[in-house]
Amino acid sequence: MRDHALTAASYDAHAPDEAARLRHAAARYAELLRRELAPASSRPRLGGVGVDARM
């Protein structure tokens with residue numbers, strides 16, 4: 001994640017669209033990581049099959 005942010009900063013002046021894409025990827029990855037590392041009791045259940053099924 002940090003590599004994406006550093007890379008995005010280096011692209012700002014030369015390729016702003018690529019910098020924005022990298023920032024979005026870093027933010028998405030950070031959110032997925034936060035969800036994965038959250039305690040099981042605070043994770044939303046997303047449905048599926050079984051008692052504790054998630055997607």
Across (1) of a type in the set (A, V, I, L, M); (2) surrounded by 11 or more Cβ atoms within 10 Å (Cβ to Cβ); (3) at pLDDT 75 or above, ALA5 clears everything bar (3)
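For the range 30-41, indicate whether the set of residues that are among the basic types (Lys, Arg) and modelled with pLDDT of 90 or more is non-empty.
Initial filter on the range 30-41 (among the basic types (Lys, Arg)): 34-35.
Among the residues that remain, those that are also modelled with pLDDT of 90 or more are: 34-35.
Yes, because at least one residue in the range 30-41 is among the basic types (Lys, Arg) and modelled with pLDDT of 90 or more.
The values are calculated or read from the model by the stated rules, or taken from the named source; none is laboratory data. Everything numeric here is computed off the predicted structure, so don't read it as measured data. In this analysis, Cβ positions are derived from the backbone assuming ideal geometry, glycine residues included, and neighbour counts consider all displayed protein chains.
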